[in-house]
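Notes to accompany the following structure.
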Amino acid sequence: MSAQVQPFVVNTSPLIHLAEADLQQLLADAAPGIWVPEPVAQEIRAYGKQDPTARALATAPWLEERPVPAAPSPQILAWDLGAGESAVLELAQAFPGSTAVIEDLAGRRCAEALGIPLRGTVGLVLAAKQAGRLSAARSVLERLRDSGMYLSDEVLQRALSLVGE
């Protein structure tokens, strides 16, 4: 009997970065389900219907808006994170094996402390390259950077070295 593959639970920033660079397919291909917690969806919709991320949320059938658990976890509350990061971690924690997709450093540290599997936007690109879904990571990472994602030269080079580029 094989283990069921759990979804990715995504925060606002990775959705924005991928939508701005027109690279949402990287997320769609990364997991069997992509869940957007309700607080994250509300934040994205507040940008307006013309925003590329709001359009993706409204039109991409693979982005599934999900409610978060009603009772917040004291372990997550203690980190004093933003509403989006907290919701992502709450939902990922409620479904063991789910992967939290976040950029925020405090949110990433909280996920690590709680043992929640974690991925960032750069990690999505590197995983796609390693799985053979991308022929090169450099052009995709540069596209993300050109469309507004902060990515230092040092981080870019370290990431590329991980996939032999």
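Quick notes on this one:
- Within the stretch 146-165, restricting attention to residues that are outside any helix (DSSP H, G or I) and in contact (Cβ under 8 Å) with a residue 60 or more places away in the chain, the residue that is surrounded by the most Cβ atoms within 10 Å (Cβ to Cβ) is M149.
- Scanning the stretch 120-165 for residues that are at positive phi and among the basic types (K, R) returns no hits.
- Residue ID - surrounded by the fewest Cβ atoms within 10 Å (Cβ to Cβ), chosen from residues in the stretch 118-142 that are among the basic types (K, R) and not in a helix (DSSP H, G or I): R133
- Only one of R109, R119, R133, R143 that is free of Cβ contacts under 8 Å to residues at least 60 places away in the same chain and among the basic types (K, R): R109
- Some residue of the stretch 81-89 being surrounded by fewer than 21 Cβ atoms within 10 Å (Cβ to Cβ) and either in contact (Cβ under 8 Å) with a residue 40 or more places away in the chain or acidic (D, E) (or both): yes
- Residues of the stretch 27-42 that are out of contact with any Lys or Arg (no Cβ under 8 Å at 6 or more places or on another chain) and crowded, with 20+ Cβ neighbours inside 10 Å: L27, A31, I34, P39, V40, A41.
- From the list W79, W35, the one residue that fits, being in a loop (DSSP other than H, G, I, E, B) and aromatic (F, W, Y), is W79.
- Annotation note: of A56, A100, A92, the sole residue that is modelled with pLDDT under 95 and crowded, with 20+ Cβ neighbours inside 10 Å is A56.
- Figure legend. Inter-residue proximity from the stretch 61-74: first residues surrounded by fewer than 14 Cβ atoms within 10 Å (Cβ to Cβ), second residues modelled with pLDDT of 95 or more and in a strand (DSSP E or B), beta-carbon distance below 9 Å, spacing 6+ or different chains. Indicated pairs: E64/I34; E64/W35; E64/V36; P67/P37.
The values are calculated or read from the model by the stated rules, or taken from the named source; none is laboratory data. Please read all numbers here as calculations on a predicted model, not as lab measurements. When we count neighbours, we look across all protein chains shown, and the Cβ atoms used for this are built from the backbone with ideal geometry, even at glycine.
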